[in-house]
Each structure stands twice: as structure tokens, then as C-alpha cells.
1. How about the stretch 99-111: which of its residues are outside any strand (DSSP E or B) and either closer than 19 Å to residue 132 by Cβ or modelled with pLDDT under 95 (or both)?
2. State the number of residues belonging to the stretch 115-130 that are out of contact with any strand residue (DSSP E or B) (no Cβ under 7 Å at 6 or more places or on another chain) and at pLDDT 95 or above.
3. Consider the stretch 7-52. How many of its residues are of a type outside the set (Asp, Glu), part of a loop (DSSP other than H, G, I, E, B) and closer than 18 Å to residue 125 by Cβ?
4. Considering only residues that are closer than 19 Å to residue 77 by Cα, in contact with a Ser or Thr (Cβ under 8 Å, 6 or more places away or on another chain) and hydrophobic (A, V, I, L, M, F, W, C), which ones fall in the stretch 100-128?
5. List pairs: first residue in the stretch 89-100 and surrounded by 13 or more Cβ atoms within 10 Å (Cβ to Cβ), second residue polar (S, T, N, Q) and at pLDDT 95 or above anywhere in the structure, Cβ distance under 8 angstrom, at least six positions apart or on different chains.
6. Within the stretch 101-126, restricting attention to residues that are of a type outside the set (Gly, Ala, Ser), surrounded by 14 or more Cβ atoms within 10 Å (Cβ to Cβ) and in contact (Cβ under 8 Å) with a residue 40 or more places away in the chain, which residue is nearest to residue 12 (Cα to Cα)?
7. Any idea which of (1) out of contact with any Cys (no Cβ under 8 Å at 6 or more places or on another chain); (2) assigned to a helix (DSSP H, G or I); (3) hydrophobic (A, V, I, L, M, F, W, C) is the one residue 87 doesn't satisfy?
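The values are calculated or read from the model by the stated rules, or taken from the named source; none is laboratory data. Note that the structure is predicted; figures quoted are calculated from it, not measured. Reconstructed Cβ throughout: ideal geometry from the backbone, glycine too, with neighbour counts over all protein chains shown.
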Amino acid sequence: MKRPLRVVIDTNLVLSALVFAGGRLAPLRLAWQAQRVLPLVSRATAAELMRTLTYPKFKLADHEQEELLADYLPYCKTVRIPSPPPATPSCRDPFDVAFLELALAGKADALVSGDKDLLSLAGKLACPVLTAEQLLTGLGIEG
């Protein structure tokens, strides 16, 4: 069996796949559940996900947040970011640096994002920067 693609998925895409189970990113959730992709997380990216799940706009009770995390984190591989962290391409949004460092330290096959700042770094990172649709198409999954 082919090994799953090691991917860094930005928080907004993970949130969409988790919170909107019937939405356009539902196939992304199925891809990590079927072990077609192996999401990589770091302490910083996991903390951001946990923080964003508490946003009032999602109206998620504590137990709902825990259920969503339980449908993602067990499928992930945790990567320790070295000190000093790997040098990353210059990025406009300082919050995006954690995803770039994770992609490099985790030897990701792809960084998957809908963020224009991250997508603009395509070709400047050691791995491809893809949209969720590009990833799913590459896996032969209808998005």
C-alpha cells in the first residue's frame, strides 16, 4: 500500500472540514480518515486549531469542540519544531510562519491552504503549496 501524503493543512481548511461535515471540504476529512493523507501538526498549529474552535461564531459547546478534535488529532502526526526553527520564505502574515516551519520540519509532501498569503509562496517552499481542490484532485477524490 502506498504511504499517505504528509500534508500540512491550514487551520481554516481543517475547521471547514470538521465544522461543516456536509460542506465542500468534507472529502478532505474523509481523506485523513481513510489515511490517504497524514496531516502534520505542531504544538503551535494544534493550539491555533483549539483556540479557533472556541470562537463564538461556531457556537460549539466544550464537548462538541472535543469531539471535533477527536476526529482530527488522532489521525495526525505531531512534529517537533527544532530550535532554531527552519528558515522560511518571507511571509506577510506572521501567523502563517508556524505552517511554513511545520511543512519544512515535517518534510511535508504539500502545504494545503486557501490562504492567499500562503498560496503566493508556491515555488518558494521545499514542497508544493496547494489548494484543497488541487490536493483532492491529485488524490483522485471528487471535491
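1. 99, 100, 102, 103, 106, 108, 109
2. Matching residues across the stretch 115-130 total 0.
3. Total meeting the criteria: 1.
4. Answer for the stretch 100-128, where residues must be closer than 19 Å to residue 77 by Cα, in contact with a Ser or Thr (Cβ under 8 Å, 6 or more places away or on another chain) and hydrophobic (A, V, I, L, M, F, W, C): 100, 102, 104, 105, 112.
5. Hits for this filter: 98/42; 98/45; 99/45; 99/113.
6. 115
7. It fails just one condition, (2).
A quick yes/no check of all residues on (1) over 19 Å from residue 103 (Cα atoms); (2) touching a Ser or Thr at 6+ places or on another chain (Cβ under 6 Å); (3) surrounded by fewer than 13 Cβ atoms within 10 Å (Cβ to Cβ); (4) small (Gly, Ala, Ser):
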{"position": "38", "(1), (2), (3), (4)": "no, no, no, no"}
{"position": "49", "(1), (2), (3), (4)": "no, yes, no, no"}
{"position": "61", "(1), (2), (3), (4)": "yes, no, yes, yes"}
{"position": "68", "(1), (2), (3), (4)": "yes, no, no, no"}
{"position": "71", "(1), (2), (3), (4)": "yes, no, no, no"}
{"position": "76", "(1), (2), (3), (4)": "no, no, no, no"}
